[in-house]
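All remarks here apply to the structure that follows.
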Amino acid sequence: QVQLAESGGGLVQAGGSLRLSCAASGRTASRYAMGWFRQAPGKEREFVSAISRIGDSTWYAASVSGRFTISRDNTKNIVYLEMISLKPEDTAVYYCAAQFSGTKTSDPDEYDYWGQGTQVTVSS
């Protein structure tokens, strides 16, 4: 079992930045690939970014590439999502997720554990 807890969300103006954190507890976080997803009201959950078990590979949705950066610190069992140049369309609840298989995937069904989410609101 892995427990995930997101933090760092909030209200920011367009063009601003935020850093989200996802703290993992339970089984060693480095055994899992980690991902960030988001869900806006009335929309399906969508992939944002993911990072491999040891952080040597990252991938991003086209909509955030170049603006968001995912990273992880396995000594602290924390995964980060640095977000810059935020846009109103980035407004959503952001979730982190853990995937034991380590497969490079944007499919939420491939992830095994989920956090409760943190709200990000970008005002225009």
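Points to keep in mind about this one:
- Within region 23-61, the set of residues being basic (Lys, Arg) and either in a loop (DSSP other than H, G, I, E, B) or within 14 Å of the chain's Cα centre (by Cα) (or both) comprises Arg27, Arg38, Lys43, Arg45, Arg53.
- The set of residues in region 7-45 being on the phi > 0 side of the Ramachandran plot and surrounded by 15 or more Cβ atoms within 10 Å (Cβ to Cβ) consists of Gly8 alone.
- The residues of region 89-108 that are more than 10 Å from Met34 (Cα to Cα) and either in contact with a Gly (Cβ under 7 Å, 6 or more places away or on another chain) or in a strand (DSSP E or B) (or both), listed by number, are Ala92, Val93, Tyr94, Tyr95.
- Filter pass, Glu82 being modelled with pLDDT of 95 or more and not small (Gly, Ala, Ser): yes
- Figure legend. Inter-residue proximity from region 1-22: first residues within 17 Å of Arg67 (Cβ to Cβ), second residues at pLDDT below 95, beta-carbon distance below 6 Å, spacing 6+ or different chains. Indicated pairs: Ala14/Ser124.
- Flag if Ile70 is over 17 Å from Tyr113 (Cα atoms) and either in contact (Cβ under 8 Å) with a residue 60 or more places away in the chain or in a strand (DSSP E or B) (or both): yes
- Some residue of region 93-108 being among the charged types (D, E, K, R), surrounded by fewer than 17 Cβ atoms within 10 Å (Cβ to Cβ) and over 15 Å from Leu4 (Cα atoms): yes
- Val64 vs. criteria part of a loop (DSSP other than H, G, I, E, B), open to solvent by less than 30 Å² (accessible area, probe 1.4 Å) and at pLDDT 95 or above: yes
- Of the residues Leu86, Leu81, the single one that is assigned to a loop (DSSP other than H, G, I, E, B), open to solvent by less than 30 Å² (accessible area, probe 1.4 Å) and touching a residue at least 24 places away in the same chain (Cβ under 8 Å) is Leu86.
- For region 46-61, the set of residues classified as exposed (fewer than 13 other Cβ atoms within 10 Å of the Cβ) and free of Cβ contacts under 8 Å to residues at least 40 places away in the same chain consists of Ile54, Asp56, listed by residue number.
The values are calculated or read from the model by the stated rules, or taken from the named source; none is laboratory data. This one's a predicted model, so the numbers in the text were calculated from it and none came from an experiment. Because the Cβ atoms are built from the backbone with ideal geometry, glycine has one as well, and the counts that use them run over all protein chains shown. When the accessible area is computed, the model is the full protein with side chains, heavy atoms only, and any ligands, DNA or RNA have been set aside. Shrake-Rupley method; radii C 1.70, N 1.55, O 1.52, S 1.80 Å.
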